[in-house]
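Inspection log for the structure reproduced underneath, given as structure tokens.
The values are calculated or read from the model by the stated rules, or taken from the named source; none is laboratory data. Owing to the predicted nature of the structure, the values given are computational and were not obtained by experimental measurement. Because the Cβ atoms are built from the backbone with ideal geometry, glycine has one as well, and the counts that use them run over all protein chains shown. These accessible areas exclude ligands, DNA and RNA; they are computed on the full protein's heavy atoms, side chains included. Shrake-Rupley method; radii C 1.70, N 1.55, O 1.52, S 1.80 Å.
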Amino acid sequence: MDTLTDKFGRKITYLRLAVTDRCNLRCQYCMPAHGIDIVKREELLTFKEMYRITRILSELGVNKVRLTGGEPFVRKGFVSFLEMLSFNDKLDEINITTNGALISKHIIKLEELKIKTINLSIDSLSKESFAKITRRNIFNQVYKTLEKLEESSLKLKLNTVIQSGVNTDEIIDFIELTKHKNLEVRFIEEMPFNGTGQRATKEVWNYTKILDLIKSKYPEIKPLISEKSSTSKMFKMEGYLGSFGIIPAFTRTICGDCNRIRITATGLFKNCLFDEGVFNIRAFIRNGATDSELKQLFLSIVKEKPENGFIAEANRKNNKNVSESMSTIGG
Ligand code: SAM
Ligand code: SF4
């Protein structure tokens, strides 16, 4: 079987698929208050197209899919799409990244499907600060969802973007949450993917600074052994139920073992988070591409996967600055 392998010998087994560019929140680090220019509905891939793309990629070695957005649960028919995807025997894992506002009533259904992990984005444990960050007043709802997810059979990971002057004073509170809760907190470096590229930041809170702060409080922390292609460096406090980690999303020290590709909601294929999209699959499909043509296309474009995110960024031709919203990329 032909499998997706790049020119550095990295096997591509993980697809991040954005099912929409729409979102019901307005997180400050992701988009401006008025939102982003969303595309026309017909420019979004249909669920049938997404199913076909995923099926073909799974025949080329992809065994893990993360569904993201925008907010995946705002797209009508998303849960039925999950049911469809769960029939694909070649997929070992389907995971979802969500802001948690709309997922609650679907948890039981998700447990029955192939969904393994829910990444819930929550950047503050304070109602006021959460409202400031997301520009929406729904902390209680999201926190209740967090508790419901923790009690479910789904694995729960929290995504917490560390924002200078906003939530750095909550890092320890988040770690303390892992004392009695069986979940993984992952502190994410903030990136300039926010729809404007501009944010006034007082200090740079990168991997090292986050870790230094944690070590100042817990000098005895020990790293856990992470999967080779993992995006985060994980740690656990002795006796705590959960664990925590740091994702060097912007300092990009994890690129060497990257096994990921992305497809945006409009069908743009991305070999790297930092590239500007290397191929429009939607147009290719709508022009009548056969399965075998799609296979050849995927096999050849992953060969162009850049060695790391810095090279991907340097190769950008049109928009040199990384400033597009994560909501359009699919985080
Ligand atoms: N709406 C869903 C959510 O928020 O979980 C899924 C899409 S969101 C774009 C995916 C992830 O990207 C979230 O965890 C979010 O916190 C993260 N994200 C968005 N903008 C970011 C930025 N500028 N820097 C770092 N992470 C970002
Ligand atoms: Fe929406 Fe997620 Fe972006 Fe927040 S991070 S605005 S929830 S897409």
On the formula 1/(1 + (r/R0)^6), with r taken between the Cβ atoms of residue 108 and residue 284 and R0 of 45 Å, the FRET efficiency rounded to 0.05 is 0.75
Working out 0.36 nm times the residue gap between residue 180 and residue 11, then minus their Cα-Cα distance, what length gain in nm do you get to one decimal? 57.1 nm
One finds, for residue 323 and residue 297 with R0 = 35 angstrom and r their Cβ-Cβ distance, a FRET efficiency to the nearest 0.05 of 0.80
Which of the trypsin sites (Lys or Arg not before Pro) across region 255-317 are loop residues per DSSP, with 11 or fewer other Cβ within 10 Å? 317
Charge dipole magnitude, Cβ of K and R +1, D and E -1 - region 178-271, Cα centre, debye nearest 20: 100
Quick check for you: which residues of region 222-238 have the amide N under 18 Å from the point 7 Å beyond the Cα of residue 116 toward its beta carbon? 225-234
Separation of the residue 227 and residue 141 label points, Cα + 7 Å toward Cβ, nm: 3.1
Based on the alpha carbons, how large is the Rg to Rh ratio for the chain when Rh follows Kirkwood? 0.94
Which residue fluctuates most in the GNM of the chain (Cα springs below 10 Å): 208, 68, 168? 208
Output wanted: per-residue J couplings in Hz (rounded whole) for region 286-296, from phi through Karplus 6.51 cos²θ - 1.76 cosθ + 1.60, θ = phi - 60°, x for Gly and Pro. 6, 8, x, 4, 7, 4, 5, 5, 5, 4, 4
Based only on Cα atoms, what mean projected area does the convex hull of region 149-250 have, in nm²? 7.4
Write out the trypsin sites (Lys or Arg not before Pro) in region 6-53 meeting two conditions: DSSP loop, and at most 14 other Cβ atoms within 10 Å of their Cβ. 7, 40
Using θ = phi - 60° and Karplus 6.51 cos²θ - 1.76 cosθ + 1.60, couplings along region 139-145 (whole Hz; Gly, Pro as x): 4, 4, 4, 5, 5, 4, 4
Orphan Cys of the chain, criterion: no other Cys C-beta under 4.7 Å: 23, 255, 258, 272
With respect to the cross-link table entries 11/148; 105/222; 233/295; 116/228; 76/157, which display a Cα-Cα separation exceeding 31 Å? 11/148; 105/222; 233/295
Any idea of the accessible area per residue across region 149-262, 1.4 Å probe, to the nearest Å²? 48
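Count the net charge of all other residues whose Cβ sits under 9 Å from the Cβ of residue 263, scoring Lys and Arg as +1 and Asp and Glu as -1.
Local net charge: +3.
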Under a crude label model (7 Å from the Cα following the beta-carbon direction), how far is residue 3 from residue 169 in nanometres? 5.0
Give me the angle, in degrees from 0 to 90, between the Cα long axis of helix 47-59 and the longest principal axis of the Cα atoms of the chain, rounded to the nearest 10. 90
With n ≥ 4 as the cut-off for DSSP H runs, can you work out [θ] at 222 nm for the chain, using -39500 (n - 2.57) per run divided by the number of residues, rounded to the nearest 500? -8500 deg cm²/dmol
What ranking of 180, 106 comes out by heavy-atom accessible area, probe 1.4 Å, highest first? 180, 106
Residue span residue 203 to residue 80: 0.36 nm per residue of separation minus Cα-Cα distance leaves a gain in nm of 39.9 nm
With a 1.4 angstrom probe the carbon and sulfur portion of accessible area for region 192-308, in percent, totals 54
What list of ³J(HN,Hα) values in whole Hz, one per residue of region 164-177 in order, does the Karplus curve 6.51 cos²θ - 1.76 cosθ + 1.60 (θ = phi - 60°) give from phi, with Gly and Pro shown as x? 3, x, 10, 9, 5, 6, 10, 4, 5, 4, 5, 5, 5, 5
